[in-house]
Structure formats: C-alpha cells, structure tokens
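*Asks:* My questions will all concern the structure given below.
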Amino acid sequence: MSDKKPSKTQVKARLPKGMRDVEAQELRALKHMLDTISEVYERYGFEPLDTPAFEYTDALGKFLPDTDRPNEGVFSFQDEDEQWVSMRYDLTAPLARYVAQNFDATPKPFRRYQTGYVYRNEKPGPGRFRQFMQFDADTVGTANPAADAEMCMLAADTLEALGIPRGGYIIKVSNRKLLDGVMDAIGISGVENATRRLTVLRAIDKLDKFGWDEVELLLGSGRKDESGDFTKGAELTPLQVRKIREYLSWESIALFRSSVQTHRQERLERDIEIAENLLGESDLIEAGLRELFDIEVLVRSAGYGHNRICIDSSVVRGLEYYTGPVFEAELTFRATDESGQAVRFGSVGGGGRYDGLVSRFRSQPVPATGFSIGVSRLYAALSHLGKIGAAKAAGPVVVLVMDKARVGDYQCMAKQLRDAGIRAEMYVGDAGMKAQMKYADKRGSPAVIIQGEDERAKGEVTIKDLLEGSRLSGEISDHAEWKEARPAQFSVSEGDLVAAVQKLLAEQAKA
RNA sequence: GCCGCUGUAGCUCAGUUGGUUAGAGCACCAGAUUGUGGAUCUGGGGGUCCCCCGUUCGAGCCGGGGCAGCGGUACCA
C-alpha cells in the first residue's frame, strides 16, 4: 500500500449536481429560523405533521412516469412489487393523501404545518437545487375566505418574526378567478384554447421580471432573448392584449379600497359593475371580486394595512392547480452583493386555494388553502440582510493530552466542564502538543486546559485564553519572545478548574 | 431543451511563435522550537493540463468531436 498514485479503483469524492452540503454554522442558523417559523404557526393553532420523503406516484398527482422517461421532473423508481414510487416534489400533495386517508378521524377544518426537503429532477441553477426545503401551512376542509385571509396574516407575521421590518416585505393577493374571467371575456376559454391560456399565464407571471414591454411580446408574436433563444407567444390580437393590460394596470383595484374601508356592501355591488364594464362580463370576475373583498375586510379588521398585505392583480402562481385566491410573499428590500450589484430577493413564498387536490382521492369536494415558504431562498435573503445570527458558535474548551498515560484524568476534566454546562472535549487525536494547539485554534476554542508534569506536580492546571492570546500575538513579532511570554495563560489549583473556566468565559462574553 | 462563456494542484490563477522534468500565491503537512495556536525561515506531499481522435519529429497550447461547470433563457407542481 505504499504506492502513492491514486489507484483506478479510487472513487472521486463529489456531490451530485443540484445537491449541497450544509455545514455547522448554516445548520445552526437554519434550525433557529425553522424554530421561529414553527412558533408563529403554533400560535395560529396549526398542528405539526411529518410525512415520508416518497409516496406512490399516483398519489402525487399528474406527474406520472411513463416507460420512456420515468424520471422526468420527479425522481421515481419501481418498488419490489413494480409499483411506481416518487420522491415528493412539494408538501401539499402528501398532505392531500394524508387527509384523504385519515378523513373521518381528522377534525375539519384540518390545520397542519410541515417542513422538510422536497425533490425535483430539473436543471439546477443559481439558488435552485434538486433538493430543497419548504415550510408549509395549510387549512383543509373549508372554502371560507377567512382561511385565505389567515394565510396572508400568517405570512406577514412570520416574516416579521424573522426580523424583516414592516415595509421590507409585501404579501400580494389576487384571485385566479379574475384572470380566468378576463381570459373568458376575451374569448380564449374552452378546451381548444387551453395551451394558449397557459402561455398567457406564463407571460403575466413574468411581469415583474421583464416589465410590460416584454410581456406584451409574449402575449403577441413571441420574444427573443439576448442569448438568441426564441419563446413562442400567445398570438393574441392587439385588442385582447389591451384587455389584459387594462386588467394588470388596474391600480391595485383601487376602487376596491373604498368599498372595503367603508365596509359597505352596496359599494361593492357598484364596483363589481364597474369592473365588469372594464374587463368584460363574467361570473368568475364577480365571484373573484367577492372573495377578495372578504379577504380585504378580514385582513383590515385585524389591523394589517396595505403596507403589509395588498391586492395585486399580476400574481399568478402555479399554473393548473390553484382555483381561487393566490398569495405571494415578496421581499422588497434592496441590497447589493459582493460586487456591488443590486440584488432583488423577490418571492420567498406563496400559496393559494386549491380546491381540487384532495377530491382526487374522494368523491366529495374538499376545499383547501395553504401557504408555502421557500426556506433556502428565505434563508439566503435573511443572511444577506444580516438577520441570521452571524456569530459563529463558540468552539469547545479543549483539554490537551500531555501525557497519553493519563487520558483518564484529562477525560475527567472534560466531564467536569460538561457537567457544568460548558462545551468541552478531550483531544481525541494522536498528535503532539503543537498540533493540539492548532486543532483548538481551528475549532475556534475559547480556551485550552493544559496539565503536564509541571502542573501535575503542583496540583494545578493551566488555562490558556486563546482569544486573548490571539490578540496579543499581533504585538509580538519575535518567535522566541512569543514562546517565552506564553501570553494569556494562568494556573489554578485542580479543584478550581471549573470555576476558573466559567469566569474566563464570562469575561470573554463581555468583551 | 436552446444560446453563450469557461475547463491547468484542495482554492485563485500564470504558462512565450508548438520545444527538455508544467509553475506561482494561498491552503495543507513537517522541521527550526523534543511543553504552546500567531509571525518568520526551510523543507515536503499533492497534477489524467476535462476526455477522445487528429495534425506534427514534438501538443497544456493548433483542428475536430464529446463531457463537465458556470451564466442566461425555456419549463417549473
């Protein structure tokens, strides 16, 4: 085995694409963030639930693997009995399965929150992974807009609990019934226009990314991007495009605010009439407006202003799945990255009403609404804003092994420190003292405990303050002097070890 | 999927018109200092120059074809 050349059988250590490791500092901060979110959700009365990472493919929905491409979009494999199984791609489909399976025993409305990794077999990009974390809250079993309104308030409260100040975020609300109604009104309803409607939705969804001019191209003949890729448009007529634009530029449904502020039902009726004159007559538009009105009234009564939750007609969200109100949580912060470029964080979560999901498993309708946070994205934004506990967790106090025959004594010192609640360890490697010091340094230890022959003879231990020592090292350039000075260390009698370390840590914490 | 850019040490990169044994900085390990993390000095380990084919006496460099990474775009429950 003395051959130094890597053998052909040696495997290359590498990560599958779109996957990543999460290291100590981030993991601690992430846990803290998840705890904060959980607290808010618990306070709203949601119950925790966990479901497995994979499900039978048919339970997850329409992404059925076919024989040619069984892994398109979702990671799938066949179980021993040849049934297809897929990794979950969100937390909502498993929830629907759970509720359907435990329907009679579950209180309705059923309110649960859940976090975990989900998996998508797609091309990874900047900030996009094939395994990522979501944090969801859903209310299943009621069509009451109060449940939707609550989702918006929950989202706002959560972002604030995470340290995002009021004004640094906005919860946008719209209603898919409005868009569907508008498309109805411009004559692109019906099965034969299904793909065209999808194209229109996709185009509108890109409004905040590209602006209206580009969206107009996507609604019409199509758009060519800088890299030369051409995206086919929806081929709408100029008249149809103009109607869409009227809908989108509909000043946050300003007229609506007046109805809501006065809580006057008769004004709502009048406003609905105005809207239908503008956009076209449609039952869907009327129903959508009524739902938004209810949400507005509830949210405002609870004291959430337009700076926190507001109606925005450009919100689209998922293409096929939402059936009513849709929400999007957006960070409005401006910040700059390392190279001084402006970064926009954009959407960190979203959700809406999906009345069709559970009913796939049962004959009766089961309306539901929910909100989902993109944990990784939100984490990235928070850490950019300095809202993540930047302080690295202090490393352990390291008890050096000066004499291998006495590991029992050293282990005992470490245990005494632990029993006093101090993070501590005995060095468990095989290297000499110098390497042990380096190890402690790299671990970020606040102090090391030294007991060699000299201390032992006097019944003492030496405590070396690594933080102070590091500071002093800047003032000493000569190594002989540095070695001679042995800065920032002192000895105490064995019995005082714990008390002395506690005192030192307290002083360090103050500095 | 489409378009563009980039592939040389763990990381960041240099490498002349194609010419001997492919370099630097950082990082890592060791010694100077057998009981002290820093600094300094000395030494050391570490390479499929992304892969294959071609041109050539000779390719890290030139040509062709792949692959991978990054960026944009498309798709996105």
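The values are calculated or read from the model by the stated rules, or taken from the named source; none is laboratory data. These numbers come from a predicted model, not from an experiment. Cβ placement follows ideal geometry from the backbone for every residue including glycine, while neighbour counts extend to all protein chains displayed. Calculation scope for accessible area: heavy atoms of the full protein, side chains included, ligands and nucleic acids excluded. Shrake-Rupley method; radii C 1.70, N 1.55, O 1.52, S 1.80 Å.
*Asks:* A:Asp229 to A:Lys458: FRET efficiency via 1/(1 + (r/R0)^6), r the Cβ-Cβ distance, R0 60 Å, to the nearest 0.05?
*Replies:* Rounded to the nearest 0.05, the efficiency is 0.20.
*Asks:* How would A:Asp90, A:Asp419, A:Asp225 rank on accessible area, largest to smallest, probe 1.4 Å? Show your work: numbers first, answer last.
*Replies:* Details: A:Asp90 15, A:Asp419 110, A:Asp225 40 Å².
Highest to lowest solvent-accessible surface, that is A:Asp419, A:Asp225, A:Asp90.
*Asks:* When only DSSP loop residues count, what GluC sites (Glu not before Pro) in segment A:163-249 have their Cβ near at most 14 other Cβ atoms within 10 Å?
*Replies:* Answer by residue number: A:Glu226, A:Glu235.
*Asks:* Would you calculate the separation in nanometres between label points at A:Arg242 and A:Gln83, each defined as 7 Å from the Cα along the Cα-to-beta-carbon direction?
*Replies:* Each label point is offset 7 Å from its Cα along the Cβ direction, giving 5.7 nm.
*Asks:* Accessible area per residue of chain A at 1.4 Å probe, in Å²? All intermediate terms of the calculation are to be shown ahead of the outcome.
*Replies:* Details: 27410 Å² over 511 residues.
Ligands and nucleic acids excluded, the figure is 54 Å² per residue.
*Asks:* Sticking with this structure for a sec: List every residue whose amide H lies under 5 Å from the amide H of A:Tyr169, counting only residues 5 or more places away in sequence or on a different chain, with H placed 1.01 Å from N in the peptide plane.
*Replies:* A:Thr332
*Asks:* Determine the gain in length on full extension of the stretch A:Val11-A:Ser249; use 0.36 nm per residue of separation and subtract their C-alpha separation, reporting nm with one decimal.
*Replies:* Full extension from A:Val11 to A:Ser249 adds 79.9 nm.
*Asks:* To the nearest 10 square angstrom, how much accessible area does A:Ser282 have with a 1.4 angstrom probe?
*Replies:* Surface open to solvent at A:Ser282 totals about 10 Å².
*Asks:* Also, I was wondering about something else. Can you list the residues, at least 5 places off or on another chain, whose amide H is less than 5 Å from the amide H of A:Asp403, using H built in the peptide plane?
*Replies:* none
*Asks:* Kindly state, to the nearest 0.05, the FRET efficiency for A:Arg443 paired with A:Arg360, given R0 = 51 Å and r defined as their beta-carbon distance.
*Replies:* 0.45
*Asks:* A follow-up question, please. A:Leu278 versus A:Arg20, label points 7 Å from Cα toward the beta carbon: distance in nm?
*Replies:* Distance between the two pseudo-spin positions: 4.2 nm.
*Asks:* Could you tell me what percent of the accessible area of chain A is made up of carbon and sulfur, with a 1.4 Å probe and every protein chain present?
*Replies:* That share works out to 50 percent.
*Asks:* Still on this structure, please answer the following. Just list whichever of A:Lys387/A:Lys434; A:Lys123/A:Lys442; A:Lys123/A:Lys209; A:Lys404/A:Lys510 have alpha carbons separated by over 26 Å in the model shown.
*Replies:* A:Lys387/A:Lys434; A:Lys123/A:Lys442; A:Lys404/A:Lys510
*Asks:* Can you give me the C-alpha center-to-center distance between segment A:170-185 and segment A:388-446, rounded to a whole angstrom?
*Replies:* Cα centroid to Cα centroid, the span is 60 Å.
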